[in-house]
Each structure stands twice: as C-alpha cells, then as structure tokens.
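To start, the structure itself, in structure tokens.
The values are calculated or read from the model by the stated rules, or taken from the named source; none is laboratory data. In this text the structure is predicted, and so the values were computed from the model without any measurement. All Cβ positions, glycine included, derive from the backbone under ideal geometry; neighbour counts span all protein chains shown.
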Amino acid sequence: MKSPRSDFPFSTFHFQLKVADPAQGLIKYSLDEFLAGWLSTKKEGEEEGVALLLEPTPEFFLPHFVKV
C-alpha cells in the first residue's frame, strides 16, 4: 500500500480517523492504518470494505425508566 494514497483528493499528511471502539475507547488511525484493517475485498480492481455507521434518534436521549 502506498503512502500517502494518491487516489484521495486531499492531503493525507496529518489525516487521522477516530474510531469509537466499545472495548478500547477512542482510537486514532492514520489513513493507511485504517485502510489496512478495513479494506476486505477487491472487486473489478477496486478495493472495497464495509462500515456500520449508527446515528441515534432523538428518542435515544430521552430518559427511560424501567419498573423493577
């Protein structure tokens, strides 16, 4: 993998991705570190990966009371 990646339209000199890992907390990755762990397949010559992005709805922030 080349560094910095020339196929990205922005400078990767100080580029960092922040990943919230429930087991390890907030982790910072360089672009190359992130892509090395995230890219999983090649399809028609293109590298591909899968990401699960979650965004809470407003109901998530409402207080929830459970009777015991």
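Within region 23-54, how many residues are modelled with pLDDT under 85 and not hydrophobic (A, V, I, L, M, F, W, C)?
Looking only at that region, the number is 0.
Quick check: anything in region 2-19 in contact with a strand residue (DSSP E or B) (Cβ under 7 Å, 6 or more places away or on another chain) and modelled with pLDDT of 90 or more?
Checked against the condition, which is being in contact with a strand residue (DSSP E or B) (Cβ under 7 Å, 6 or more places away or on another chain) and modelled with pLDDT of 90 or more, region 2-19 yields no hits at all.
When both residues are 6+ apart or on different chains and their Cβ atoms are under 9 Å apart, which pairs have a first residue that lies in region 39-60 and is assigned to a loop (DSSP other than H, G, I, E, B) and surrounded by 10 or more Cβ atoms within 10 Å (Cβ to Cβ), and a second that is small (G, A, S) and at pLDDT 90 or above?
Nothing qualifies.
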